[in-house]
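First the structure, in the form of structure tokens, and then the observations on it.
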Ligand code: ME8
């Protein structure tokens, strides 16, 4: 019997159309699922939408819809996008599904009855007209931050979960399962920042808004959205809190892998395991927190019409090019960048130049020299050995990378094989062999070796770029293989290639594509009104002074500045910040040339975690103002002051 592999994506907030960053996670999970299938696992992939909570309630109101109508539309949009990028999910769960809602109520009640959830109260400031609770620090001049009216001290009932009860057991689980959190560096973050300082009891109900699953025995409360959302991983496959879980659940749980973004690791590696312990269920085997895909050259913003969405990318480049781009854009756990320009560049340099050309040339030569027939005539030369070695070791190498979900590295191994095959064409010069009748058998062997190497590469490529792999194989009249058949060379006897092969990737004209992209952006910017309401929609929630104090702003002097070669949006700045010299990469090249900046003093966020942009480590961020038209201005101290000075 084959081994099962149950993996999940985070369930996306049904608060709006997901951008390419959210879509990345679905593509990543799909690639892992398809890879595991090819390795012989019986795979179950679950994805879905997270549809409750105050934010969604507010979004629905702003859109003039009932919450359910609103989430129905967004969930349909998310499903459409997942289908468009080829996510082969086995289950798409929505947290408004009736059976999920029923189970959440049962789970809540079970935890309450066994004493893990208790009813308590928290104290705060209450605004009667707004029916809202505020903490001391949220108040503005001691008044309601929403309406400005006076507030009164009040207590609100709420349910709390006894987190601390399970902290030791969780720590033990971490110790006994060193691979539970990937990348491993995230584990220390969880232990040092959350477990060691001690876990607070968690408030698991809300009564300040309605859009949630009501607590069945106390319906003025709704269940905290994270308890509701996290439980999707068990309810979606048939968990029943009364002990009547489905056969599927018995087979699939515990999950083998939760694929999530780095921002929600805490929820998945602290809250979720603790909820499961309380339910008496085994814990998931692994949680993989991937990095974020960010837009090169500044934030995506709806009012500028420049948000990158998967459907636009697919329309311009095709599904598999988009999959390839996002999967190779970020090394394991780290952030990556996306821009229209960089997609074009990658399509041309890697997909068209390396893969497209290889397949096209090989098929064309078989047609030209042998009427399309490919067979091994057994005339070998030393030069064949290295190609064969690279081909038969590719699967092992890709599998090794995929053990820790280093998808970009796995793809690099596959493309190394395609590159090696291209080099083999240059080494064996089939067009020279073709001139000599006596070399015909050798020429046939060369084309066989090429075809076999490409077929091994395409079979490995399938999980990441399914249609390309299938189209490529069809060009050779062959079928893709399972991975256990990729360790030997000589997987077919003979075949006939297509007379007119399908071009996998053709070179794009960067200027022509960018003109079309610009036209699309301006058309969208025109139809998006820049109204006051729009601006408000982008405003952020209130923060405490402590939140603000976490940000360290400093004055910096620009010592040197240059354009980043591979990007038309990035500048690389060398900054003097007191005693320190730092490199900062900033997406302002369209607004400033290096000469505008050299010698100037500006403001940086000095304690931002370093991030790699176009291969350069950026150690901070330049603070800029931006208006609704996208005009940008950096901030400077009003009078001269030493670099390194703190801003508060
Ligand atoms: O967090 N690049 O939903 P969500 C890569 N509903 N990944 C990104 C990203 C980016 N730019 N932006 C977001 C939620 N993500 C919750 C999850 S699970 C029980 C509940 C990732 O729609 C993000 O990290 O905000 C998360 O894993 C997923 O997209 C959905 O994010």
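Residue by residue through the range 617-647, note down the ones that are without any contact (Cβ under 8 Å) to a residue 12 or more places away in the chain and more than 21 Å from residue 569 (Cα to Cα). Once the filter is applied, which keeps residues that are without any contact (Cβ under 8 Å) to a residue 12 or more places away in the chain and more than 21 Å from residue 569 (Cα to Cα), the range 617-647 yields 638, 639. Across the range 59-79, the number of residues qualifying as away from the ligand (no atom under 13 Å from the Cβ) and either assigned to a helix (DSSP H, G or I) or over 14 Å from residue 16 (Cβ atoms) (or both) comes to 13. Within the range 232-271, if we keep just the residues that are away from the ligand (no atom under 16 Å from the Cβ) and part of a helix (DSSP H, G or I), the residue that is nearest to residue 182 (Cα to Cα) turns out to be 252.
Flag set for residue 125, criterion: within 30 Å of residue 148 (Cβ to Cβ) and touching a strand residue (DSSP E or B) at 6+ places or on another chain (Cβ under 7 Å). Restricting the first member to the range 19-32 and to residues that are free of Cβ contacts under 8 Å to residues at least 24 places away in the same chain and over 14 Å from residue 466 (Cβ atoms), and the second to residues that are within 10 Å of the ligand (Cβ to nearest atom) and assigned to a helix (DSSP H, G or I), the beta-carbon pairs closer than 9 Å and six or more apart or on different chains are 22/78. Check the range 286-293 and report whether any residue there is within 16 Å of the ligand (Cβ to nearest atom), in a loop (DSSP other than H, G, I, E, B), surrounded by fewer than 22 Cβ atoms within 10 Å (Cβ to Cβ) and at pLDDT below 95. Within the range 286-293 (the criterion being within 16 Å of the ligand (Cβ to nearest atom), in a loop (DSSP other than H, G, I, E, B), surrounded by fewer than 22 Cβ atoms within 10 Å (Cβ to Cβ) and at pLDDT below 95), the answer is yes, since at least one residue qualifies. For the range 433-482, the tally of residues that are assigned to a helix (DSSP H, G or I), in contact with a strand residue (DSSP E or B) (Cβ under 6 Å, 6 or more places away or on another chain) and free of Cβ contacts under 8 Å to residues at least 60 places away in the same chain stands at 0. The number of residues in the range 28-58 that are within 16 Å of the ligand (Cβ to nearest atom) and at positive phi comes to 2. Would you check if residue 308 is within 30 Å of residue 346 (Cβ to Cβ), within 16 Å of the ligand (Cβ to nearest atom), touching a helix residue (DSSP H, G or I) at 6+ places or on another chain (Cβ under 8 Å) and modelled with pLDDT under 95? Yes; evaluated as a whole, the condition is true for this residue.
Residue count for the range 28-45, restricted to those that are in a strand (DSSP E or B) and surrounded by fewer than 23 Cβ atoms within 10 Å (Cβ to Cβ): 3. Scanning the range 198-226 for residues that are within 21 Å of residue 249 (Cβ to Cβ) and either part of a strand (DSSP E or B) or away from the ligand (no atom under 16 Å from the Cβ) (or both) gives a single hit, 223. Being without any contact (Cβ under 8 Å) to a residue 24 or more places away in the chain, over 28 Å from residue 317 (Cβ atoms) and under 36 Å from the mean Cα position of the chain (by Cα) is a property that residue 389 has.
Looking at the structure I just gave you, is residue 229 part of a helix (DSSP H, G or I) and either more than 14 Å from the ligand (Cβ to nearest atom) or more than 17 Å from residue 286 (Cα to Cα) (or both)? Here the answer is yes, as residue 229 does meet what is asked. All of (1) assigned to a helix (DSSP H, G or I); (2) under 28 Å from residue 180 (Cα atoms); (3) touching a helix residue (DSSP H, G or I) at 6+ places or on another chain (Cβ under 9 Å); (4) touching a residue at least 60 places away in the same chain (Cβ under 8 Å) hold for residue 82 with one exception: (4). The set of residues from the range 594-630 being at pLDDT 90 or above, within 29 Å of residue 521 (Cα to Cα) and in a loop (DSSP other than H, G, I, E, B) comprises just one member, 623.
Take the residues in the range 12-27 that are modelled with pLDDT of 95 or more and buried (at least 24 other Cβ atoms within 10 Å of the Cβ), then tell me which one is nearest to the ligand (Cβ to nearest atom). That would be 24. For the criterion of being within 29 Å of residue 512 (Cβ to Cβ), out of contact with any strand residue (DSSP E or B) (no Cβ under 9 Å at 6 or more places or on another chain) and buried (at least 19 other Cβ atoms within 10 Å of the Cβ), residue 352 passes. Applying a threshold of 7 Å to beta carbon distances and a minimum spacing of six or more residues, or different chains, the list of pairs starting in the range 225-238 at a residue that is closer than 14 Å to residue 106 by Cα and ending at one that is within 11 Å of the ligand (Cβ to nearest atom) and in a loop (DSSP other than H, G, I, E, B) reads 228/52; 228/95; 232/11; 232/95. Within the range 41-69, the set of residues being more than 24 Å from the chain's Cα centre (by Cα) and closer than 19 Å to residue 309 by Cβ comprises just one member, 63. Filtering 384, 426 for residues that are more than 34 Å from the chain's Cα centre (by Cα), surrounded by fewer than 17 Cβ atoms within 10 Å (Cβ to Cβ) and assigned to a helix (DSSP H, G or I) leaves a single hit, 426. Applying a threshold of 6 Å to beta carbon distances and a minimum spacing of six or more residues, or different chains, the list of pairs starting in the range 1-12 at a residue that is over 11 Å from residue 32 (Cβ atoms) and ending at one that is part of a strand (DSSP E or B) and away from the ligand (no atom under 15 Å from the Cβ) reads 2/42; 4/42; 6/44.
The values are calculated or read from the model by the stated rules, or taken from the named source; none is laboratory data. Note that the structure is predicted; figures quoted are calculated from it, not measured. Please note: Cβ atoms are built from the backbone with ideal geometry, for glycine as well, and neighbour counts cover all protein chains shown.
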